[in-house]
Amino acid sequence: MPGPAAGTAHAATTTDVVCLGESMVTFLPSQPGRLADVPSFGRGIGGAESNVACALAAAGHRAAWVGRVGADGFGDHLVETIAGYGVDTSAVRRDPDRPTGIYFRTATDRGAGAHEVAYYRAGSAASAMSSDNVPYGEVFAGRILHLSGITAALSGDCLALLRELTAERPGRPLVSFDVNHRPHLWRGGEADASVLLELARRADLVFVGEDEAEEAWGIVGADAIRAALPEPSVLVVKRGSAGATVFSGLRPGPRFSNAGGAESAPASRSTEGAGAGNAPDTVTVVPALHVDVVAAVGAGDAFAAGFLSATLRGLPVRDRVRHGHLMAAAVLTVPGDLTEPPARDHADRLAALDDGAWGRLRLGPGWTAADRAPEEVRTS
């Protein structure tokens, strides 16, 4: 099968992050309630990887999205909208035989019992992505390749593709992997839990929620998650309102050097752990922000984008997490999955606050406005 040539280098890289995965047209409800009762829907876009690409491009990075859409109007809308954020979509392929995926959702939080999502993505153009039709030159053109577990669930070909992309080889960029456990997408075939664990262990940087680790693997607590995932040089465990814990292995690696020097970033406390190569871990714990939530969608993708943005800039681990929280807060305070992030200098000022001031921040709608000083969004 065709694949990346050994030694495919990114010495002449012009892209910071390449994100590969399915993006869909999403229909957002005009009012709360059951899907059966919502009278009309507004059109948007949704897709974990394209969300990350859009957020990174809006934050000033060179981001590309690689995907597959139908040769239809919804495919046109996706490509045009994503490109409108400044994302390079030149590697997106059009499928003349399969449609672009779409889905409808309710306005409630994804974690709420009343939340409904109706997917129409079976047999979509994206589910036909494979190692035979993905442009490897473009996929490996960035400093970071961002993937998620959602793609692995779309089809056997998509799973084989992710295994190919995460295989260790010379010239592979830093691989960022968001577990994104979506049990409703896994129907038959390989068990989702074992597949997601396998892919996460092959990545360099992993994002996983404490809740999804418990649901998928029956693992409880950040330390136990690290024990199950000793290979990634950086493991980010998202703990909801409690914040995030980052395990940074001390293994030197050229991919992390290319992406911003993650292996040498300082953190708040060190422990002897099962990090990459059994080296001691540096463990960083960063509290979450107080956010007046408008809609609890898209926060995980925004967090990943903020963390990757700060990684590319070589910021300390604490500040990487804080930029993740700030990017997530920008999305949580608007109705949709995407929004304009705070200006970089504004986010930098907030990320640099001392622990006490950070803990007093309360962010609500409009907080990202460029003329808002830190004290204007802080509570006592």
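The values are calculated or read from the model by the stated rules, or taken from the named source; none is laboratory data. Computed from a predicted model, the values in this text were never measured in an experiment. A quick note on method: Cβ atoms are made from the backbone with ideal geometry, for glycine too, and the neighbour counts reach across all protein chains shown. Surface areas here come from the heavy atoms of the whole protein model, side chains and all, with no ligands, DNA or RNA. Shrake-Rupley method; radii C 1.70, N 1.55, O 1.52, S 1.80 Å.
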Next item on the list: Determine whether the stretch 18-39 contains at least one residue that is part of a helix (DSSP H, G or I), closer than 30 Å to A347 by Cα and either of a type outside the set (A, V, I, L, M) or at pLDDT below 90 (or both).
Entry: no
Note to self: Looking at A347, A351, A357, can you tell me which residue is touching a helix residue (DSSP H, G or I) at 6+ places or on another chain (Cβ under 8 Å) and surrounded by fewer than 14 Cβ atoms within 10 Å (Cβ to Cβ)?
What the structure shows: A357
Check: With respect to the numbered conditions (1) more than 19 Å from the chain's Cα centre (by Cα); (2) open to solvent by 20 Å² or more (accessible area, probe 1.4 Å), which one is the sole condition not fulfilled by T106?
Finding: (2)
Check: So which of R121, R94 is under 24 Å from A305 (Cβ atoms), among the basic types (K, R) and surrounded by 14 or more Cβ atoms within 10 Å (Cβ to Cβ)?
Finding: R121
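Which of the residues belonging to the stretch 326-336 are farther than 18 Å from H61 by Cβ and either at pLDDT 95 or above or open to solvent by less than 20 Å² (accessible area, probe 1.4 Å) (or both)?
A329, T333, G336
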Next item on the list: Could you run through the stretch 41-62 and say how many residues are open to solvent by 40 Å² or more (accessible area, probe 1.4 Å) and touching a Pro at 6+ places or on another chain (Cβ under 8 Å)?
Entry: 1
Checklist line | Tally of residues being in a loop (DSSP other than H, G, I, E, B) and of a type outside the set (S, T, N, Q) across the stretch 113-139 | finding: 12
Checklist line | Neighbours by Cβ (under 6 Å, 6+ apart or cross-chain): first from the stretch 78-89, free of Cβ contacts under 8 Å to residues at least 60 places away in the same chain and over 9 Å from C54 (Cβ atoms); second open to solvent by less than 70 Å² (accessible area, probe 1.4 Å) and part of a helix (DSSP H, G or I) | finding: T89/V79; T89/I82; T89/A83
Next item on the list: Evaluate the following for L205: is it among the aliphatic types (A, V, I, L, M) and over 17 Å from G300 (Cα atoms)?
Entry: no
